[in-house]
1. Per 10 Å bin, what is the whole-percent P(r) computed from every C-alpha pair distance within segment 78-183?
2. What number comes out for accessible area per residue over the chain if the probe is 1.4 Å? Units Å², please.
3. When N counts the residues of the chain, how does its alpha-carbon radius of gyration compare numerically with 2.2 N^0.38 Å, as a ratio?
4. Can you compute the FRET efficiency between Val111 and Glu136 using 1/(1 + (r/R0)^6), with r the Cβ-Cβ distance and R0 = 25 Å? Round to the nearest 0.05.
5. Starting from the amide H of Glu225, placed 1.01 Å from N in the peptide plane, find each other amide H under 5 Å away whose residue is 5 or more places distant or on another chain.
6. Could you pull out every Cys in the chain that lacks a partner Cys with its beta carbon under 4.7 Å away?
7. State which helices in the chain qualify, where a helix is a whole DSSP H run, it must extend 20 Å or more along its own axis by its Cα atoms, and its mean Kyte-Doolittle hydropathy must be at least 1.6.
8. Counting other Cβ atoms within 10 Å of each Cβ, which chymotrypsin sites (Phe, Trp or Tyr not before Pro) in segment 217-311 have at most 11 and sit in a DSSP loop?
Amino acid sequence: MSGRFAPSPTGELHLGNLRTALLAWLAARSTGRDFLVRMEDLDLVTSSPVHERQQLADLAAIGLDHDGEVVRQSERFDLYRAHIERLEHDGRVYRCYCTRREIRDEIDAAVSAPHGLPDGAYPGTCRDLTPDERTEREAEGRSPAIRLRTEGEWIDFDDRVLGHQRGRVDDVVLARADGVPAYNLAVVVDDELQGVDQVVRGDDLASSTPRQILLQQLLGFERPEYQHVPLVLGPTGRRLAKRDGAVSVSELAAEGWTTHDLVAVLARSVGLASSSEPSSTITAERLVDRYDPALLPTGPSTYAELQAFRG
Ligand SMILES: [Zn+2]
């Protein structure tokens, strides 16, 4: 039984990532699970070993240890492709030759999105191409993406933070036109093969969960428990990012924050510690017994709120 934290090594972790990591670690440790770290470095252009080392150091700095070796998605493409082949064998994939622009134009031209599908869902243009139509597109030099062939499935799941959730699955991309496996497929394969039965992550990913559950079902995998935790937003209301100021461990340290301050602020912002408890007494380890996903806030925090919690 394992929980996990799965960052993309594309920069330093910021307060929002660190809070998600803390909560994932607390969820695992408070239930006797191993805690795994997986690098979601499918994007070989933006990912780097330098950022990976920095992120692991940041986790260690706030007292989050992990079990086993760090797994990198960039080293597992063959595994992902083998699972796409299983879906293909079952008739659950098709090749899509559309460009982003063509998809956008088609969505814009439609009167309304099909009921229940997420915004921007693929309109199904290439679902039923004839062999001649496929040949024609390949003769134009187009390489296809591979999409899941859905059948209007609705997925229900109970989130330990958000409660009951329901969504319809679209024909999500499983492998991009350049051959790189897609996030939703990779995550499902990794969680199964790594024995992850508890998924704690930012609630911006809750809308992708029905896709991942359907993939689990089609591949015969167990469904993990889900806890989608609130994000930290920057001043413009979008998720916190580097441009929003001092947000990383090193930047905050340069402004005089100790790692105790950091853990204390993260804990206070989700109700795991009170402002009257001195920061110097708050560590990740001491929060383990307090963790209960049902008591977490379901709305986002702002960077300004977090700074105010420093006291
Ligand atoms: Zn298409």
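1. Bin by bin from 0 Å, the calculated values are 13, 39, 35, 11, 2.
2. Numbers: 14560 Å² over 311 residues.
Per residue, the chain has 47 Å² of solvent-accessible surface.
3. Values: Rg = 20.9 Å, N = 311, 2.2 N^0.38 = 19.5 Å.
Ratio of Cα Rg to 2.2 N^0.38 Å: 1.07.
4. On the way: r = 28 Å, r/R0 = 1.11.
Calculated transfer efficiency: 0.35.
5. The list, which skips near neighbours in sequence, is Gln198, Val199.
6. Cys98
7. Long hydrophobic helices here: none detected.
8. Numbers: sites: Phe221, Tyr226, Trp257, Tyr291, Tyr303, Phe309; in loops: Phe221, Trp257, Tyr291, Phe309.
The qualifying sites: there are none.
The values are calculated or read from the model by the stated rules, or taken from the named source; none is laboratory data. Note that the coordinates shown come from a computational prediction; the quantities given were computed from them, not determined experimentally. Using ideal geometry, Cβ is built from the backbone for each residue, glycine included, and neighbour counts are taken over all protein chains shown. In case anyone asks, the SASA skips ligands and DNA or RNA and just uses the protein heavy atoms, side chains included. Shrake-Rupley method; radii C 1.70, N 1.55, O 1.52, S 1.80 Å.
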